[in-house]
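Take a look at the structure below.
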Amino acid sequence: MILLLIIIILLVIIVIAIYNRLVVKRMRVNNGWAQIDVQLKRRYDLIPNLVETVKGYAAHEKEVLEKVAELRSRAMGATSPKEAAEANNMLTSTLKTLFAVAENYPQLKANENFLKLQEELTATENKISFARQFYNDVVMDYNATIQKFPQTMIASMFNFKAREFFEAPTEEREAVKVKF
């Protein structure tokens, strides 16, 4: 009888330990997403200032400026990592177009405000990249943990679900073609 009681107590302790470890890993995933969210918010705050600066010099580039504003709104309204990744990847692509447009305006390229905004946006893009990498690392760890035995039993009992990765768009995965 005492042996049975000890075995039950040990099983309960093991279940509690596994559950607590799963909770910590889930919180790391949530924190990773929050870090991406912070950097995306920073990016969204910079974009209107950048657009306004470009507007003054490139008024006839209205289509690109409107596209940036539209994609910014779409990205801000994303509700899942997959939606956010898709929307932000489109926004990144459009921002590259905006900077390409700026190349046609020497006065804009020399504008101190534009240069500062461009530098801030570049730094933010780097921070987003690091935050995405951290998020994907903790998602991988979390997803692997909830699929291992005996954690998978505890995970399914307490409704721990796999999380989505924040993936790069297909065109960013392809090899860069350098032409001289």
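Every number in this text was worked out from the coordinates using simple rules, so none of it is lab data. What you are looking at is a predicted structure, and each value in this text was computed from that prediction instead of being measured. Cβ placement follows ideal geometry from the backbone for every residue including glycine, while neighbour counts extend to all protein chains displayed.
Kindly state, as a whole number, the per residue volume in cubic angstrom of the convex hull around the alpha carbon atoms of segment 25-76. Mind showing how you got there, number by number?
Numbers: hull volume 2.9 nm³, N = 52.
Cα-based convex hull of segment 25-76, divided per residue, equals 56 Å³.
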Classify segment 70-113 from the C-alpha gyration tensor, please: rounded if a/c falls under 1.5, else prolate or oblate depending on whether a/b exceeds b/c.
prolate
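How compact is segment 2-164 by the rule of thumb for globular proteins, expressed as Cα Rg over 2.2 N^0.38 Å?
On the way: Rg = 23.0 Å, N = 163, 2.2 N^0.38 = 15.2 Å.
Ratio of Cα Rg to 2.2 N^0.38 Å: 1.51.
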For segment 144-160, Karplus couplings with θ = phi - 60° (6.51, -1.76, 1.60), whole Hz, Gly/Pro x
5, 5, 6, 9, 8, 8, x, 4, 4, 5, 5, 4, 6, 4, 9, 6, 7
Taking the chain as a Gaussian network, Cα atoms linked when under 10 Å apart, which of Pro48, Pro81, Pro150 shows the biggest mean-square fluctuation?
Pro150
I need the GluC sites (Glu not before Pro) found in segment 8-104, filtered to DSSP loop residues with at most 16 other beta carbons within 10 Å of theirs.
Glu103
Signed unit charges on C-beta, dipole axis of the chain, positive-most listed residue Tyr105, Met90, Ile16:
Ile16
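What ranking do Leu3, Leu65, Leu95, Leu11 get, fewest neighbouring Cβ atoms within 10 angstrom at the top?
Values: Leu3 7, Leu65 19, Leu95 23, Leu11 10.
So the residues, fewest neighbours to most, are Leu3, Leu11, Leu65, Leu95.
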Find which of Ala123, Val54, Ala144 sits farthest along the positive direction of the dipole of the chain, computed with +1 on the beta-carbon of Lys and Arg, -1 on that of Asp and Glu, about the Cα centre.
Ala144
